[in-house]
Each structure stands twice: as structure tokens, then as C-alpha cells.
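To start, the structure itself, in C-alpha cells.
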Amino acid sequence: MDTSSPAAFVNGGLLRMHVGRKVRTVIQVTRSDAGSVMGKSTDGCQLVVRGSPPAPLTSYVEVIGVAENESSIRAELWTNFGDSFDASNYDQLCQLANGELKHLFL
Amino acid sequence: MQANEFDGNAAFAGGGFMPSQATQTAPDRPSYSSKNSDARCLTPVTVKQLKDLSKVGESGISIDGVDVNNIVLVGVISKIDNAVSDCTFRVDDGTGWVECTKWIHEHVDSVEVDVISVGMYVRVYGQFKSIQSRRPITDFNEIAHHFLECIYVHLYNTKLRPRMTNATDGMTAQPQVANSNSGNHIMGFSHQTNSTNQFSNQYNTDEEQIRGISSMVLQYLRRPACLASEMGVSSDIVARELNVSVDKVRKTLDFLASEGLVYTTTDDHYKFTDA
């Protein structure tokens, strides 16, 4: 993992603000193929994450990688977040971390 | 404190997270001078906050005006160097990375260290110079929670603490958050923090006279969402959100209207005056 650049907390809607940059988000996996995973972001958007996911994959997975466009991420790091995760909590965090409190994170 | 209110301070108060706990309602806390109690508290931080500190080059460590000695970090281990007397590892929390050192004095320490591996999420407690303990994370909601705590403490330190030391009467002592039935606690924090400040400074004498439901209704109407709506809020909605009977709410709103604190827009819709 490239540890030198910080990753912005994003949900589906915020991804477009960070295209080309390092982001992190949690998705709920809806489909997984070799080479890519489709999932629902914490704010309900469909996202595609390309890369090699770990196997087995839990329901929620955090991905850290580079945003390719407003609905896809090329993942560098995958972390299984288990099957019970508070998505709305995380979603609120994304909104706060991109709002007036950005300076605490990026 | 009213039964329905969500006291953010109490929610985060466990484990000494909030600075100057002496001024809060917890009765069993002895009252230290503020410098002492700050140094005893554990502050959640992001690595970015720590990096900003060292850029400024302060020797007495403080964040947002609060002396910080003990900190909590949550992140992923990206590197481990295990030596005989100590273990150095790198923690990356997405906002940057920081080197941490754990001194190994006893067998217990080395057992702790063996459990940690690269790529694992951990929560780290320690002092800015050295790290005392860390444990692996199993519930990943902890990660979001940690960052939300960082945000809360930051807002508390920058917005509410200055007000608290300036306030002359006891009403402003508690950074209370009004009833948030919607379950959207976090949004409630950032908005209510601001409105409570303005509220308490301008309307102190009014608030002393208006008790119970009135202050709850007022706080509800002062929410940004309510202020922004042209039509105002109907008394039904207020009653439902505050969990109070519609009758009581209507009576309260009538009273507030007669005091000039709210006004009616259309039938049964109310807005806070002087938004």
C-alpha cells in the first residue's frame, strides 16, 4: 500500500470529487467476479471495484485505491469488514470528512 | 438535563476522552485544575492532526488548544520491526502514517506483539513519544466511530470550550444536544453545536423563564433544516419529532408566538423568528 498519500473517505456521491485520487470506501458486495466486485455504496449507489478481492469476501468490504471515474475504483487494498456494519454511520462520516472538517483528514 | 436529550458528551465521556471532565455533570470526578485534567485525558486523533502538530514545531503538545499527552489512533499496520527490547511498527489510518514504538519489558508485552501482523486494523493507545498498548480490531464500526470521535472532540474544543470559559451563567455549561429522535445523532452534533452557541448567548434570560417543552420546541425550530424551509414546520411534525402530544405543542407554540419567538406562516405552520 502506498502509505504516503492520504485517502479520502467517500461514498458513491462523493467519489466524483476525487477522480484520479486515492480514496477509501466501504461497499456492500452484490456480485463478485474474478477481477472485479460490484457493490452498493453506503449511500446506495452502485459501484464497481476492480482488482483482486480476497477470498472469501464478507458482506461488507473496505477498499482503498484510486478512483477511476464516478462509479469505479481500482483497488489496491481490500479489507473484509464483516457482515454487520453500520453503513449509515459510515456514510455520515464520509459527509463530515469531506465537508468543513476536511482539514482533519486530508 | 431532560430525559430525552442526547448528551454527546456523556456518550463519548467514557475512558476520559473529553477534556476538562471536571466541568461536566459526572459527580464522582474530582475537580482538577484544567491543565491537569487535560493531561489525564485520552484524545482520539487522526495521523494528519499529529503531522500538523509537528509541522508547527510545538514542544508542548496541544491540539485545538487542549494539552494532549495521551492519544488514541486507529489504523492499519503497514510495517513491523521486531527487536529484542522493543517493537516498532507503522500505523496508517488513511490520513497519513506514524511510527509507533512498543517497549518490551516482560513476556506479556511480547505476547501482545506476536498477535499483531501487517495489514491488520488496530487501535493504539499511547503518548506522543511512545506507545503503550494496542489491540486488534474485530468490529469495524470502531473505525468509523474513532474518526467521528476525532471530529466531535475537535468541534468541542474549537467551538464549545471557548464559549464555556466565557459564559457567565450556568446555562451554557453543558454542550447539550437537543432530542434527536430521528436517530441521526451525528448530523445532530454538527448542527446543534452551532445553534446551541448562538442560542445560549442571546436568549439566556428567555430560556430561564421558558421551561420544558418550550425550549425543546425552540431548539427544534432553530435547526438549519427548519430555518431553511420557507413554509416553516407544522405542529404535527414538531410533536412527532419531539415525542410530545400535539395539544401541548400547539399550546407551547401559541405561547412562543405571543412572546414573539416564533411566527405563523400558514395554517398551523411555524417558523422561528429572526432566523
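Using 1/(1 + (r/R0)^6) with R0 = 45 angstrom and r between the beta carbons of A:Arg74 and B:Arg240, what's the FRET efficiency to the nearest 0.05? Each step should come with its number before you reach the end.
Details: r = 46 Å, r/R0 = 1.01.
My answer for the efficiency is 0.50.
Comparing A:Leu96, A:Gly35, A:Val63 along the charge dipole axis of segment A:6-96, the residue lying farthest to the positive side is A:Gly35, per the Cβ-charge model. Using a basic spin-label model with each label point 7 Å from the Cα along Cα→Cβ, how many nm lie between B:Asp114 and A:Met17? In this crude spin-label approximation the distance works out to 4.6 nm.
Evaluating 6.51 cos²θ - 1.76 cosθ + 1.60 at θ = phi - 60° for every residue in segment A:92-97, the Karplus couplings come out as 4, 4, 4, 5, 5, 6 Hz, glycine and proline recorded as x.
Between A:Glu68 and A:Gly20, A:Ile73, A:Arg74, the built amide H atoms are under 5 Å apart, and every one of these is 5 or more places off in sequence or on another chain. Extending 7 Å from the Cα toward the beta-carbon at both B:Ile80 and A:Asn89 defines two label points whose distance is 2.6 nm. Phi angles across segment B:253-264 convert, under the Karplus curve 6.51 cos²θ - 1.76 cosθ + 1.60 with θ = phi - 60°, into 3J(HN,Hα) values of 5, 4, 4, 5, 5, 5, 7, x, 8, 10, 9, 8 Hz, Gly and Pro given as x.
Could you tell me which GluC sites (Glu not before Pro) in segment A:45-106 are loop residues by DSSP with no more than 16 other beta carbons within 10 angstrom of their beta carbon? The partial results should precede the final answer.
Numbers: sites: A:Glu62, A:Glu68, A:Glu70, A:Glu76, A:Glu100; in loops: A:Glu70, A:Glu100.
Taking segment A:45-106 and a limit of 16 other Cβ atoms within 10 Å, the loop GluC sites (Glu not before Pro) found are A:Glu70, A:Glu100.
With the convex hull drawn around the C-alpha atoms of chain A, the volume per residue stands at 88 Å³. Pairs exceeding 21 Å between alpha-carbon atoms, taken from A:Lys102/B:Lys159; B:Lys159/B:Lys271; A:Lys40/B:Lys79: B:Lys159/B:Lys271; A:Lys40/B:Lys79. A simple rule links phi to the HN-Hα coupling: the Karplus curve 6.51 cos²θ - 1.76 cosθ + 1.60 with θ = phi - 60°, which for segment B:72-88 gives 10, 10, 10, x, 9, 7, 10, 7, 10, 10, 9, 10, 6, 9, 7, 10, 10 Hz, with x for Gly and Pro.
Bear in mind that the values in this text are calculations on the coordinates, not laboratory data. In this text the structure is predicted, and so the values were computed from the model without any measurement. Because the Cβ atoms are built from the backbone with ideal geometry, glycine has one as well, and the counts that use them run over all protein chains shown.
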